[in-house]
Amino acid sequence: MKKPPTSSLQKPRATRVDIATRAAGVLIGTACGDALGVPYEFAPKVQVTPSMRGGGMGPYAAGEWSDDTQLAVALAEVAVTGANLATKASLDNIAERMLRWLKGGATDVDSQTRVILQGALDDEGPRSPAHKLAASAAYFHKRTGRSAGNGILPRAGVLGLSRVESRQLTAEAARAVSCLTHPDPLAGDAVVLWAEAVRYAVTSPPGSTWAGRINIEGGIDLLPLHRQAQWREWVRDALERYFAPPSDNTYVVSAFQAALGAIAATALEEVPDTEAFEQALSRAVQAGGDTDTVAATVGALMGAALGAPQIPQKWVNKVHGWPGLTASDLYDLGAGIAIAGIVGEEAMAQALVGEIDLEGDA
């Protein structure tokens, strides 16, 4: 795994084809990790190789993804337009889709997200959707003192694709979207770090190894100065004790560490590219706890580093879920988000109606 970059801005160093192929792996990877972890969520730890057999808290069909990917898709549908996700208009759009999802598409929802979304739905005032959602989240945090659940982490992959040419804009989007449901600063920090790691992996040179494309410490300088040392310590701890991941991974920091540990263990074993994705996700599930959320988080970054073609076809063929999508749809969404962030909102709108061709080098 790489050391942090010395430059504050890393421009894409791969062609648009490279970027699109890896970006496509992000959402498919998220979905595969989610569906793989669903049957084992909060069940006794599994010693065997996990499989996409369905069940879980949905219950879900074999290969069906849960709320982790459902909410990532809701976010992706806004990101694929090329809009800046940190703007008020985009945040309102995201919040509106999340609220609509709770009313009509949600299968199972983590407790923090459910309470916060329901609070916004119950708000009959004239405020905008994003304002209602953020206010509900702030009230939840004030009442409980806790809003750093791990449910925000699977959305980091989409956020990492939204502005692949800019570390700063990626971090701003990650922080703004996190605050809609997870106002604890540590939740925002974790998403900034994972989103930046995804962005870095997607834009790394085509000749690098998959492990060389993963730079989890590369975004620490994007965090507030007074929390940077703590995050370096948490990252080191995860890398050093990958063989004994946190037993409770419902907290955003421990989920982050569990996901990082699964990837680090896979990198140390130097498995072939064709086996790395499956091994990392299997490790995440075998660690137990909130298996779908942690494995979805692992899947996003491994998909970014390896690219869609290295994700096992047996899983790609099986994954599906709300709102009636398959892996093919996720491929288009992931690639589309990355390209939209490069060409901009207007050019993406023209491309969607066939007025311009977006093929070519970045």
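Would you confirm, using the coordinates I've provided, whether residue 269 is surrounded by fewer than 24 Cβ atoms within 10 Å (Cβ to Cβ), of a type in the set (Asp, Glu), under 20 Å from residue 46 (Cβ atoms) and out of contact with any Lys or Arg (no Cβ under 7 Å at 6 or more places or on another chain)? Explain how you work it out, then say what you get.
Values: surrounded by fewer than 24 Cβ atoms within 10 Å (Cβ to Cβ): yes; of a type in the set (Asp, Glu): yes; under 20 Å from residue 46 (Cβ atoms): yes; out of contact with any Lys or Arg (no Cβ under 7 Å at 6 or more places or on another chain): yes.
Taking the combined requirement at face value, the residue satisfies it.
Name the single residue, out of those in the range 168-179 being crowded, with 24+ Cβ neighbours inside 10 Å and in contact (Cβ under 8 Å) with a residue 60 or more places away in the chain, that is farthest from residue 111 (Cα to Cα). The selected residue is 173. Considering (1) modelled with pLDDT under 95; (2) surrounded by 14 or more Cβ atoms within 10 Å (Cβ to Cβ); (3) not hydrophobic (A, V, I, L, M, F, W, C), the lone condition that residue 334 does not fulfil carries the number (1).
Does residue 75 fit the bill of being touching a Lys or Arg at 6+ places or on another chain (Cβ under 6 Å) and touching a residue at least 12 places away in the same chain (Cβ under 8 Å)?
On the way: touching a Lys or Arg at 6+ places or on another chain (Cβ under 6 Å): yes; touching a residue at least 12 places away in the same chain (Cβ under 8 Å): yes.
Answer is yes for this residue.
Residue 69 versus (1) of a type in the set (Ser, Thr, Tyr); (2) over 17 Å from the mean Cα position of the chain (by Cα); (3) at pLDDT 95 or above: which is the lone unmet condition? Failing condition for residue 69: (2). Of all residues in the range 301-315 being closer than 16 Å to residue 328 by Cβ and not β-branched (Val, Ile, Thr), which is surrounded by the fewest Cβ atoms within 10 Å (Cβ to Cβ)? Across the range 301-315, the extreme among qualifying residues is 313.
Just checking, which of 143, 213 is more than 20 Å from residue 250 (Cβ to Cβ) and among the basic types (Lys, Arg)? Before the answer, list the steps.
Working: 143 fails: more than 20 Å from residue 250 (Cβ to Cβ).
After applying the criteria, what remains is 213.
Regarding residue 83, is this residue in contact (Cβ under 8 Å) with a residue 40 or more places away in the chain, surrounded by fewer than 24 Cβ atoms within 10 Å (Cβ to Cβ), of a type in the set (A, V, I, L, M, F, W, C) and outside any helix (DSSP H, G or I)? For residue 83, the condition - in contact (Cβ under 8 Å) with a residue 40 or more places away in the chain, surrounded by fewer than 24 Cβ atoms within 10 Å (Cβ to Cβ), of a type in the set (A, V, I, L, M, F, W, C) and outside any helix (DSSP H, G or I) - is met.
Go through the range 93-123 and report how many residues are surrounded by fewer than 23 Cβ atoms within 10 Å (Cβ to Cβ) and either charged (D, E, K, R) or closer than 20 Å to residue 149 by Cα (or both).
20
Of the candidates 90, 136, the single residue that is more than 23 Å from residue 300 (Cα to Cα), modelled with pLDDT of 95 or more, of a type outside the set (D, E, K, R) and surrounded by 17 or more Cβ atoms within 10 Å (Cβ to Cβ) is 136.
Within the range 150-160, is even one residue more than 20 Å from residue 110 (Cβ to Cβ), out of contact with any His (no Cβ under 8 Å at 6 or more places or on another chain) and surrounded by 20 or more Cβ atoms within 10 Å (Cβ to Cβ)?
Step one: list which residues in the range 150-160 are more than 20 Å from residue 110 (Cβ to Cβ), which gives 160.
Right, trim to out of contact with any His (no Cβ under 8 Å at 6 or more places or on another chain) and you get 160.
The next check asks that each one be surrounded by 20 or more Cβ atoms within 10 Å (Cβ to Cβ); those that pass are 160.
Among the residues of the range 150-160, at least one is more than 20 Å from residue 110 (Cβ to Cβ), out of contact with any His (no Cβ under 8 Å at 6 or more places or on another chain) and surrounded by 20 or more Cβ atoms within 10 Å (Cβ to Cβ), which makes the answer yes.
The values are calculated or read from the model by the stated rules, or taken from the named source; none is laboratory data. Since the model is a prediction, treat every value here as computed from it, not as a measurement. No Cβ is skipped: glycine too gets one built from the backbone with ideal geometry, and neighbour counts run over all protein chains shown.
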